[in-house]
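Just so you know, all these numbers are worked out from the coordinates, no wet-lab data involved. All values derive from a computational prediction rather than experimental measurement. Every residue, glycine among them, receives a Cβ derived from its backbone with ideal geometry; neighbour counts consider all protein chains shown.
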Amino acid sequence: MHSSITIVGASLAGVRAAEALRSEGFKGNIKLLGDEAHIAYDRPPLSKSFLEGEMTSEKLSLLTTEKINELELEIRIDSRVSSLDIESRTLEVKGGVEEFDALIIATGARARKLPNTEKISGIHTLRSLDDSIKIRDSFKSGNPKVVVVGGGFIGCEVAATASALGIEVTIVESQEVPLSHVLGEEAGKVISELHTNNGVQLKCGVEVQEIRGDSQVEGVLLGDGTLLEADLVIVGIGAVPNTEWLENSGLTIENGVCCDQTCLAAPNIVAAGDVARWYHRGYGKSIRLEHWDNAAEQGKHAALRLLQTEAEAQPYAPIPWFWSDQFDRKIQLAGISDPEDDFEVIVDSPEEGRYTAIYGNEGRLKAVLGINRPRHVMQFKSLMENKASWKEALDFAREIK
Ligand SMILES: Cc1cc2nc3c(=O)[nH]c(=O)nc-3n(C[C@H](O)[C@H](O)[C@H](O)COP(=O)(O)OP(=O)(O)OC[C@H]3O[C@@H](n4cnc5c(N)ncnc54)[C@H](O)[C@@H]3O)c2cc1C
């Protein structure tokens with residue numbers, strides 16, 4: 001049994017890991033090391049209610065002082081870990097070298113940036129509390145013209161929040177239909193219409209060619225020659241897993257920390273959350289997810305793995321699930337969809353803002369998309385958990401139509 005467990009990354013996966021260790025009766029020391037200046041907080045509101053100004057930063061907190069005491073956590077913020085040495089079981093932490101007994105890697109991901117834009121102010125990415133505070137403050141200053149680069153889930157959420165605040169906002173997206181690489185064209189169009197109906201301008205099928213402005217952003221030049229005026233540019237072009245500190249560690253890093261089906265990256269070392277790429281037995285391949293629910297569940301699973309023997313270890317093979325709030329819609333996707341999948345719309349009720357569609361492949365139900373339809377999402381998710389065939393899913397769809 002380990003006498004102490006160190007967790008690198010003090011966010012959702014790390015906190016859930018610490019909680020799981022204590023509820024499983026782990027009595028040793030738990031050290032939680034994070035590089036941010038804030039104690040662990042929740043990210044989803046950063047593009048939604050917090051950005052809109054409805055929520056205080058205290059409400060985002062994942063750990064209160066009472067909770068830290070109850071869990072007997074040794075928590076350190078502003079403590080970046082810069083390298084791992086597996087052989088000597090040491091970490092290079094800001095301020096010195098520290099030994100560990102067992103290790104949980106939970107360093108998440110960071111927002112991808114547009115190259116060569118560091119010197120221009122008014123260009124932001126959104127990953128951290130500090131990012132969200134900066135964007136929120138800029139939303140409040142005057143009446144800024146906002147361009148969102150990238151029509152993925154975060155970009156769409158930021159655009160929806162800005163628009164709800166009465167701010168003029170344009171999304172620039174290189175695909176013809178936002179989110180079509182995940183949801184397919186037909187469902188992607190449902191989301192685009194939601195935005196255009198709520199006053200968001202969409203410029204699709206075109207790339208950003210240049211950001212205009214010397215010290216302060218003034219505009220965004222697109223590949224088709226359009227110049228969009230901009231006081232504020234928010235870049236939402238995906239995330240990169242934080243693995244640089246592990247580069248010479250000997251762990252396998254391939255767009256994430258590679259783990260086996262139980263979340264083990266090496267003996268006594270596990271990974272969880274946005275940084276982890278693990279072998280998902282159900283899909284027969286390695287995957288990495290950037291979903292809140294996965295970070296929470298995998299944090300627990302990976303932590304418990306450290307307390308188990310090889311024979312006791314369980315595979316981690318959940319049906320992935322996430323949500324996105326845009327305007328008055330709760331968009332949820334369970335499973336893994338592919339634009340090439342069979343696709344069936346089950347509910348399409350624009351006046352009520354309700355939509356359900358399912359995705360299938362090789363005779364199996366693969367995913368469900370719901371807009372303001374949480375019950376359908378959970379019903380089809382449970383069919384996926386029971387390995388339902390595409391035919392069974394269609395039969396069930398007929399029953400609930
Ligand atoms: C704006 C926003 C909105 C989102 N909305 C949704 C949503 O609606 N639905 C949904 O399902 N998901 C959403 N997500 C995704 C969800 O928040 C993430 O999946 C989740 O935060 C991942 O948790 P994590 O603990 O794995 O990583 P992170 O939350 O990324 O935390 C990793 C932590 O490790 C720290 N760290 C990194 N490197 C080091 C190092 N070397 N040393 C020490 N510390 C380090 C990081 O600074 C960070 O604090 C959203 C994400 C963002 C950014």
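Beta carbons closer than 8 Å, at least 6 apart along the sequence or on distinct chains, pair a first residue in the stretch 114-129 that is within 16 Å of the ligand (Cβ to nearest atom) with a second that is in a helix (DSSP H, G or I) and polar (S, T, N, Q) for His124/Ser138; Leu126/Ser47; Leu126/Ser132; Leu129/Ser57. Among the criteria (1) within 16 Å of the ligand (Cβ to nearest atom); (2) surrounded by fewer than 18 Cβ atoms within 10 Å (Cβ to Cβ); (3) β-branched (Val, Ile, Thr), the one Thr107 does not fulfil is (2). When Val81, Val97, Val93, Val147 are screened for being β-branched (Val, Ile, Thr), in contact with a Ser or Thr (Cβ under 6 Å, 6 or more places away or on another chain) and within 12 Å of the ligand (Cβ to nearest atom), only Val93 passes. The residue that is nearest to Ala162 (Cα to Cα), counting only those in the stretch 22-41 that are crowded, with 18+ Cβ neighbours inside 10 Å and near the ligand (Cβ under 9 Å from one of its atoms), is Tyr41. Test Ala265 against the stated conditions and say whether it is surrounded by 24 or more Cβ atoms within 10 Å (Cβ to Cβ), more than 13 Å from the ligand (Cβ to nearest atom) and under 16 Å from Ile105 (Cβ atoms). It is true that Ala265 is surrounded by 24 or more Cβ atoms within 10 Å (Cβ to Cβ), more than 13 Å from the ligand (Cβ to nearest atom) and under 16 Å from Ile105 (Cβ atoms). The requirement of being among the aromatic types (Phe, Trp, Tyr), farther than 30 Å from Ala18 by Cα, surrounded by 16 or more Cβ atoms within 10 Å (Cβ to Cβ) and out of contact with any Lys or Arg (no Cβ under 9 Å at 6 or more places or on another chain) is satisfied by Phe327. Within the stretch 268-318, if we keep just the residues that are in contact with a strand residue (DSSP E or B) (Cβ under 8 Å, 6 or more places away or on another chain) and charged (D, E, K, R), the residue that is nearest to Ala102 (Cα to Cα) turns out to be Arg305.
Only a single item in (1) of a type in the set (Val, Ile, Thr); (2) out of contact with any Ser or Thr (no Cβ under 6 Å at 6 or more places or on another chain); (3) outside any strand (DSSP E or B); (4) under 25 Å from Gln332 (Cβ atoms) is not met by Ile171, and it is number (3). From the list Arg364, Arg373, the one residue that fits, being surrounded by 21 or more Cβ atoms within 10 Å (Cβ to Cβ) and either without any contact (Cβ under 8 Å) to a residue 12 or more places away in the chain or of a type in the set (Lys, Arg) (or both), is Arg373.
Just one residue in the set Phe100, Phe153 is surrounded by 19 or more Cβ atoms within 10 Å (Cβ to Cβ) and within 18 Å of the chain's Cα centre (by Cα); that residue is Phe153.
Here Ser215 passes the criteria (1) within 23 Å of the chain's Cα centre (by Cα); (2) under 22 Å from Ile135 (Cα atoms); (3) among the hydroxyl-bearing types (Ser, Thr, Tyr) except the one numbered (1).
Please indicate, with yes or no, whether at least one residue in the stretch 300-316 is near the ligand (Cβ under 9 Å from one of its atoms) and surrounded by 19 or more Cβ atoms within 10 Å (Cβ to Cβ). No.
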